[in-house]
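Novice: The structure is given below, and queries will be raised subsequently.
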Amino acid sequence: MLGKLLKYEIKATSRTFLPMYALLIVFALLNKFFMAVNADYLRIPRIIAMSVFVVIIVGICVMTLIVTIQRFNKNLLTDEGYLSFTLPVKAHTHIDSKMIVSLMWALLSVIVSFIAIFVMAVNEKTIQGIHEFLAQAVPAFNSLGASGYVILLEGIVLLIIATLSSIVTIYAAITIGNMSSKHKLLAGLGAYLGFGIIEQIVMSVIITSFGGTVQRYFESLNRATMPAQVGAVQLVMLGLILYSLVFGIVYYILTNWMLQRKLNLE
């Protein structure tokens, strides 16, 4: 059933994102043309095209957040929720489908934006600059040995888990806000801000705990050897992964429990 929900969710959201992606690529090519011609009589169209390009990128970022909120709220917490919860699907499956699709569009939005910027800016000079950067970066990365690949893998895992944790944090806040008979939006915003404060308090406690040992350890890394510094990076990345994972799981369980026991569709 998860597959069917994913297919439906992708079909519904693609109507918003695919035209925006196509428009972004079109304006990237248009800006590339204007920069290649570089004629004075095209100065105003060039400024307009670049402005629209930036607006589209910002719009994609904003729309990713809006769709994440709107799809969850509309499908599960409004009148449509009656239909959604009559399906032979458990609450966590609804969460999973929307969370996975939101992650997909968030990552695609970043990838497409980078592709559009690259298409617009690529020329012989930028290609040469990329080659020079890689000529220095690749040997430096290889010198780290297996540790470099571990850090790279941790970075990818952290990106995915942190994004999922952010998405499910929004879901938990929306669901809490829905419990309010009035001012659902303000209640949800308050819950989201409350979550952020709790996370900051927990992070502060972790950093300053154990008699300041953690803080002194990282301060001492300025004088440490390269292997020790690489090991510290791996440790920090692992800690951030666990931190995001723990909070993500808590928010996921909270959202699932409230959808099962405290759902208010009035």
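Just so you know, all these numbers are worked out from the coordinates, no wet-lab data involved. Not measured: the values here are computed from a predicted model. In this analysis, Cβ positions are derived from the backbone assuming ideal geometry, glycine residues included, and neighbour counts consider all displayed protein chains.
Novice: Using just the alpha carbons, could you tell me how many Å³ per residue the convex hull of segment 43-196 encloses? Spell out each step's value before the answer.
Specialist: Numbers: hull volume 27.4 nm³, N = 154.
Convex hull volume per residue, Cα atoms: 178 Å³.
Novice: What does the charge add up to near M35, with Lys and Arg as +1, Asp and Glu as -1, over the other residues with Cβ less than 15 Å from its Cβ?
Specialist: Value of the local net charge: +2.
Novice: Just want the answer: with Cβ charges of +1 for Lys and Arg and -1 for Asp and Glu, which residue in L87, T208, V230 is farthest toward the dipole's positive end in the chain?
Specialist: L87
Novice: Moving on. What is the Å³ per residue value for the convex hull set by the Cα atoms of the chain?
Specialist: It comes to 184 Å³ per residue, whole-number rounded.
Novice: Need the C-alpha centroid separation for segment 95-142 versus segment 21-74, integer Å.
Specialist: Here the two parts' Cα centres lie 17 Å apart.
Novice: Just grab the label-to-label distance for K11 and I69, each label 7 Å out from Cα along the Cβ direction, in nm (one decimal).
Specialist: Label-label distance for K11 and I69, simple model: 2.8 nm.
Novice: Specify the longest stretch of the chain that does not include any exposed loop site, a site being one of the trypsin sites (Lys or Arg not before Pro) with a non-H, G, I, E, B DSSP assignment and at most 15 other Cβ atoms within 10 Å.
Specialist: 91-181
Novice: Something else: Determine, from the Cβ-Cβ distance of I160 and E80 and an R0 of 30 Å, the FRET efficiency 1/(1 + (r/R0)^6), rounded to the nearest 0.05. Walk me through the numbers before you get to the answer.
Specialist: Details: r = 29 Å, r/R0 = 0.95.
Calculated value: 0.55.
Novice: Given the Cα-Cα distance of K90 and F114 and 0.36 nm per residue of separation, how much length would full extension add, in nm?
Specialist: Once the chain is fully extended between K90 and F114, it gains 4.9 nm.
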